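Single-structure report; data block below.
The values are calculated or read from the model by the stated rules, or taken from the named source; none is laboratory data. What you see is a predicted model; the values in this text were computed from it and never measured. Positions of Cβ are backbone-derived with ideal geometry, glycine not excepted, and every protein chain shown enters the neighbour counts. Remember, those area values only see protein heavy atoms, side chains included, never the ligands or the DNA or RNA. Shrake-Rupley method; radii C 1.70, N 1.55, O 1.52, S 1.80 Å.
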2 protein chains.
Amino acid sequence: MQTLSTNKAHGGVQGVYGHASMATGTEMTFSVYVPPHEDGRKLPVLWYLSGLTCSHANVTEKGEYRAACAEHGVIFVAPDTSPRGDAVPDEDSYDFGKGAGFYVDATEAPWSANYRMRSYVEDELPALIAAEFPMADMARQSITGHSMGGHGALTTGLRNPDRFRSISAFAPVVSPINCPWGHKALGRYIGEDRADWRRYDACALIADGARVAELLVDQGDADNFLEEQLRPQLLRDACEAAGIDLTLRMQPGYDHSYYFISSFLGEHVAWHAARLKA
Amino acid sequence: MQTLSTNKAHGGVQGVYGHASMATGTEMTFSVYVPPHEDGRKLPVLWYLSGLTCSHANVTEKGEYRAACAEHGVIFVAPDTSPRGDAVPDEDSYDFGKGAGFYVDATEAPWSANYRMRSYVEDELPALIAAEFPMADMARQSITGHSMGGHGALTTGLRNPDRFRSISAFAPVVSPINCPWGHKALGRYIGEDRADWRRYDACALIADGARVAELLVDQGDADNFLEEQLRPQLLRDACEAAGIDLTLRMQPGYDHSYYFISSFLGEHVAWHAARLKA
């Protein structure tokens, strides 16, 4: 792991790091905020998965999470959203290819060589964090994310209920099976057999038996993607049928931007911190 | 005035606006955050002047001021740092020309036609804010800024003690007369007669009799520009000689970036709010 930059912020250290990923076959960049803490103290870890077109940088610069992480003693990890580099297959669209990995392991050529963001986020990067950040208490992890990354947070969390103590999301894609972004991405990354999509669909995972006690979701009601892509009602229905305690907060006047996320990310940090310390 | 964008954030509205400026002879862009408030309520105004290379966008995206402005009911105005556009004279350097107006009214050709940021920030933009934002209480204004904009905040505030109830700064250029950035910028914008520089130099203004009750300055001790360009000791000396109550906080480990500013901008908002509401 290479340190690309560190800056003191809110009493802790905001770092950006790079490493050669086995999962993606590329150099990957991610950010970690370590709040102020006593030497030897172990701190819980909150993962944040970003949305379409984003890298680690968007939330790192615009997320306004550090004050809450410093207050509650939480490490904040922000991975990239896809493999990068000239050798990585891509296409000229904002919702597929680079910046749009959808947190799946692609099985279809030419994407399967590099687009393995499930393995990267679920296995490889946690192992790297455990090895390189000795203050990270990997027995206490939670996960959140935005839009495509909200989908990533919900599905990663639902597939690994023993690893994540709590799951939240901002304006998540709740069911790729039921929206155009999902049809395009999953169809091309993992093929047209939709049975293979179900482990990458929060609503399908719940219908198929995945269980967590509760979920927290914030959704702006002025979000341009609400009706066609995000469809939070599908998650509400799935949670009701499964007896999962979903807190779905429709936030009046908020859109899909980081102005929305930064308004509530501190509250999510506090919500996760309460569960990580319970 | 044209509205370029508005986004709901922290319960209020973060807007970006454009207008044709008489002072600079160009189209100018600025941002205004209006916190949540009751209809008809008047709110105090905090000005934030940005540093070299910045526009309104840096602090608007990275400043982390909105939570505090929402809590304390303060409007936050962030102007640009220079005129912009193809017709505006410029040169290929980060510390002079576009992005580096130094909050002076240039008197030297070719700069004097457009580089009139003192008039813009001190006269024209406040009049526009008063006209276009009826909830802005122009009888209650304060000012802050970063680096070159810290210089702008100190000098604008010291020249107008009846208008600004309080003045603070982050890593300010405290004396352009005594640093390379100042020599270059003031020498070319307003000529080599240094008597003309004194109204654009916080320490000289104080030595020449400008008085305010107190100043708040945060300065990172890991700031690369500390020794050569910023030189806070000069301000300390000037304030001691004048009996101005300077709170100069040397912040250990902090650099010159927005990671530093965003760590303390909320505290500055609260500090100004206490004085604006006194």
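Apply the a/c threshold of 1.5 to the C-alpha gyration tensor of the stretch A:194-278 and tell me whether it is rounded, prolate or oblate.
oblate
Of all the Cα-Cα pairs you can form in the stretch A:1-89, what percent are over 14 Å apart?
65 percent
Please name whichever of A:His19, A:Tyr65, A:Tyr94 sits farthest to the positive end of the charge dipole of the stretch A:4-99, dipole taken about the Cα centre and charges placed at Cβ: Lys and Arg +1, Asp and Glu -1.
In the stretch A:4-99, that residue is A:Tyr65.
Mind putting a number on the dipole of the stretch B:1-93 about its Cα centre? Charges go on the C-beta only, +1 for Lys and Arg and -1 for Asp and Glu, and I need it in Debye to the nearest 20.
440 debye
Tally Lys and Arg at +1 and Asp and Glu at -1 over the other residues with C-beta under 13 Å from the C-beta of A:Gln251: what net charge comes out?
After counting each charged neighbour, the total is -3.
Would you pull out the residues with amide H under 5 Å of A:Leu49's amide H, same chain only if 5 or more places away, H placed 1.01 Å from N?
Here A:Thr144, A:Gly145, A:His146 satisfy the definition.
Quote the charge dipole size of the protein assembly as shown about the Cα centre in Debye, to the nearest 20; the model charges only the Cβ of Lys and Arg (+1) and of Asp and Glu (-1). Can you show the working numbers first?
On the way: 48 positive and 72 negative charges, 225 e Å.
That gives the protein assembly as shown a dipole magnitude of about 1080 debye.
Can you give the accessible area buried between chains B and A, summed over both chains, with a 1.4 Å probe, in Å² to the nearest 100?
In total, chains B and A hide about 1900 Å² from solvent.
Looking at the square roots a ≥ b ≥ c of the eigenvalues of the Cα gyration tensor of the stretch A:111-264, which shape do they give, rounded for a/c under 1.5, prolate if a/b is larger than b/c, or oblate?
Because its axes are fairly even, with a/c under 1.5, the stretch A:111-264 counts as rounded.
At A:His183, label 7 Å along Cα→Cβ: distances to the other copies, nm, ascending?
6.7
With runs of 4+ DSSP H residues as the only contributors, calculate the mean residue ellipticity of chain B at 222 nm using -39,500 (n - 2.57) per run, divided by the residue total and rounded to the nearest 500.
Computed ellipticity for chain B at 222 nm equals -8500 deg cm²/dmol.
Identify, for chain A, the residue whose C-beta comes nearest the rotation axis onto chain B, and round that distance to whole Å.
Whole-Å result, nearest residue of chain A to the axis: A:Glu64, 2.
Which whole-Hz couplings ³J(HN,Hα) result when phi for each residue of the stretch B:222-227 is put into the Karplus expression 6.51 cos²θ - 1.76 cosθ + 1.60, θ = phi - 60°, listed in order with x for Gly and Pro?
Computed from phi, the couplings for the stretch B:222-227 are 9, 7, 4, 9, 4, 6 Hz.
Using a Cα-Cα cut-off of under 17 Å, which aspartates and glutamates could be cross-linked to A:Lys98, ignoring same-chain neighbours fewer than 8 residues away?
Leaving aside aspartates and glutamates fewer than 8 places away in the same chain, those within reach of A:Lys98 are A:Glu27, A:Asp80, A:Asp86, A:Asp90, A:Glu108.
Between rounded, prolate and oblate, where does the protein assembly as shown land on the alpha carbon gyration tensor, with a ≥ b ≥ c its root eigenvalues, rounded for a/c under 1.5, else prolate if a/b exceeds b/c?
Details: a/c = 2.00, a/b = 1.95, b/c = 1.03.
Cα axes put the protein assembly as shown in the prolate bin.
Please list, ordered by chain and number, the residues whose modelled amide H lies under 5 Å from the amide H of B:Leu246; skip anything fewer than 5 residues away on the same chain.
HN-HN under 5 Å from B:Leu246: B:Leu215.
List the chymotrypsin sites (Phe, Trp or Tyr not before Pro) within the stretch A:51-138 that DSSP assigns to loop and that have no more than 16 neighbouring Cβ atoms inside 10 Å.
Here the sparse-neighbourhood loop sites are A:Tyr94.
For the stretch B:23-137, state what percent of all Cα-Cα pairs lands in each successive 10 Å bin, counting from 0 Å until the bin that includes the largest distance.
Distribution as computed: 14, 42, 29, 13, 2 percent.
DSSP beta bridges in chain A, what fraction antiparallel, as a percent rounded to 5?
Counting only bridges with both partners in chain A, antiparallel ones make up about 50 percent.
For chain A, report the translational diffusion coefficient in µm²/s to the nearest whole number, using Stokes-Einstein at 4 °C, 1.567 mPa s, and a Kirkwood Rh over Cα pairs.
It comes out at roughly 70 µm²/s.
Hey, got the dipole for chain B? About the Cα centre, +1 on K and R Cβ, -1 on D and E Cβ, debye to the nearest 20? Provide the component values of the computation, followed by the final result.
Working: 24 positive and 36 negative charges, 142 e Å.
Here the size comes out at about 680 debye.
Report, for A:Val13, each distance to the same residue's label point in the other copies, shortest first and in nm; define the point 7 Å along Cα→Cβ.
Spacings between copies for this position, smallest first, are 4.4 nm.
For the stretch B:170-176, take each phi angle, set θ = phi - 60°, evaluate the Karplus expression 6.51 cos²θ - 1.76 cosθ + 1.60, and give the result in whole Hz per residue in order, putting x for glycine and proline.
Values per residue, Gly and Pro as x: 10, 6, x, 6, 7, 8, x Hz.
Bin width 10 Å, alpha-carbon pairs only: give the P(r) of the stretch B:233-278 as whole percents, running from 0 to the bin holding the largest distance.
Answer for the stretch B:233-278: a P(r) of 22, 37, 39, 3 percent.
Sorted from shortest, what are the nm distances separating the label point of B:Ala207 from equivalent points in the other copies, each placed 7 Å from Cα along Cα to C-beta?
Label point to label point, same position, other copies: 7.7 nm.
Each residue of the stretch B:95-108 in turn: what ³J(HN,Hα) in whole Hz from Karplus with 6.51, -1.76, 1.60 and θ = phi - 60°, glycine and Pro shown as x?
These are the phi-based 3J(HN,Hα) values: 10, 7, x, 4, x, 8, x, 6, 6, 10, 9, 5, 10, 9 Hz.
Quick check: net charge around B:Pro36, other residues with Cβ under 15 Å of its Cβ, Lys/Arg +1 and Asp/Glu -1?
Result for the local shell: +1.
Taking each pair of distinct Cα atoms in the stretch B:97-145 once, what is the resulting Kirkwood hydrodynamic radius in Å?
Result for the stretch B:97-145, one decimal place: 12.2 Å.
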